[in-house]
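Student: Below is a structure I'd like to ask you about.
No value in this document is a laboratory result; all are computed from the given coordinates. As the structure is a prediction and not an experimental result, all values here were calculated from the model. As a convention, Cβ positions derive from the backbone with ideal geometry for all residues, glycine included, and neighbour counts pool all protein chains shown.
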Amino acid sequence: MAIPIRKAAQEQTGRAVRTLQIKAARLATGIFAGEYLSAFRGRGIEFEEVRDYQPGDDVRTIDWNVTARLDRPFVKRFVEERELTLLILLDCSASMDFGTRRVTKLQAATEAASLLAFAALRSNDRIGLMTYSGEVESFLPPAKGKRHVLRLVHQAAVASPGRGDSGLESALNYLRNGIKGRALVFVFSDFFDSIPLKQLAAASLRHDLVAVTVTDPAEHELPVAGLVQLRDPESGLSRLADSSSPVVQDHYRRAAAKRHELIRSRIAASGAEILYLDTMTPPLHPLIRFFRNRGRRRRG
């Protein structure tokens, strides 16, 4: 019986992965792809051509050598070198395997990562994936192309939650040693484990770093469900508590607020940008809002 059950589970996983790939490819079009394109700069500005001066052109772009030689004004035209290297760091630790609403935190992160992957594909950017749990579990080097993106989404979707802490420090050390040049880095995690501020700050200096904090509503407000076991998913320690008690509710709320503020302040201190996702809301619109806000700051 074990073989048919295993085969059925594999087929179910395969269907889920294909559904995710199709959904992400469909959503990462139009507005989403455009907002992604405008939010992130390429590696620089490169010269494209010299053309005749037109009223309204910036006089600082006049090519004086060509103008003198041909006896009429010409300007240099530059274009942005658009190609980026996008790298996704995906926390697969025990605490990410939690969700009381639509999906688990790991599934929410995978959905968002898949959208980014297809947006990068449409922008002709290179994209890679690192999964980590205690240590680096897998690394798919940045590359281009639809086949590569499909493989990346599959690898993210089948990543199994670990049993211990996140191992973010190991992931950041791998990033430091394994990626040459500057990259756009999205770190997906709940950041429940101790945040290695020194390594995060160093990564933020070298790369364009976005810390994507994934939470579940039950991590802010304790659901009323009678006597419950409250367990720390990282340490494994647990205790019995009455979830309907106002005292327990208040204590839980205060402790949760304190923890989330500590996470926010440490990420901010590192210089990384922060993007919030949760298990209740599909990631499309939070990502679009983030892109738009960043695009406005870029233009401003």
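Student: Where does helix 146-157 land angle-wise versus the long Cα axis of the chain, in degrees 0 to 90, nearest 10?
Tutor: It works out to around 20 degrees.
Student: I'm spelling it out carefully: the read-out is Rg and Dmax of the Cα atoms in Å, the candidates are [x] 23.1, 87; [y] 18.5, 55; [z] 23.1, 70, and one was derived from this structure. Which label?
Tutor: [x]
Student: Enter the angle in degrees (range 0 to 90, nearest 10) between the Cα long axis of helix 284-299 and the first principal axis of the Cα atoms of the chain, meaning the one along which they spread out most.
Tutor: Orientation of helix 284-299: about 40 degrees from the principal axis.
Student: Quick one: which residues, 5+ away or cross-chain, put their amide H under 5 Å from the amide H of residue 215? H built at 1.01 Å from N.
Tutor: Residues meeting the amide H criterion: 277, 278, 279.
Student: Which angle from 0 to 90°, rounded to the nearest 10, does the C-alpha axis of helix 30-39 make with the longest principal axis of the chain?
Tutor: Rounded to the nearest ten degrees, it is 70.
Student: While we're on this one: Work out the length of the dipole vector of segment 84-232 about its Cα centre, built from +1 on the beta-carbon of each Lys and Arg and -1 on the beta-carbon of each Asp and Glu, and round it to the nearest 20 debye.
Tutor: 860
Student: Highest GNM mean-square fluctuation, the chain, Cα pairs closer than 10 Å: which of 205, 277, 121?
Tutor: 205
Student: Ignoring everything except DSSP H segments at least 4 long, calculate the 222 nm mean residue ellipticity for the chain; use -39,500 (n - 2.57) per segment, divide by total residues, nearest 500.
Tutor: -14500 deg cm²/dmol
Student: What fraction of the DSSP beta bridges in the chain is antiparallel, stated in percent and rounded to the nearest 5?
Tutor: Close to 45 percent.
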